[in-house]
Amino acid sequence: MAVTGKTGADAIAKAVFRIALVSVRYQPKLAAVITQAESAGAITSAEGAAILAFLATIPATKVALEKLAQYSGF
């Protein structure tokens, strides 16, 4: 049985959906900025990799949240 009511899932889903739209649009530019920041020593390569890894998970997270929304009706 679906869990409904205030779980915060709807708010999280809306935020991820918005992040997904923005990340698709700006990911190439952000990747370039990350490379420049690493070269300048502003961030480490590990930090740059963490940002890129996070961005890579957004599409799959969006799809999973859409399925959850269908199940729970939020």
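Things worth noting here:
- Residue in region 48-71 that is over 18 Å from the mean Cα position of the chain (by Cα) and at pLDDT below 95 present: yes
- Candidates ALA13, ALA31, ALA37: the one that is in contact (Cβ under 8 Å) with a residue 60 or more places away in the chain and part of a helix (DSSP H, G or I) is ALA13.
The values are calculated or read from the model by the stated rules, or taken from the named source; none is laboratory data. Computed from a predicted model, the values in this text were never measured in an experiment. No Cβ is skipped: glycine too gets one built from the backbone with ideal geometry, and neighbour counts run over all protein chains shown.
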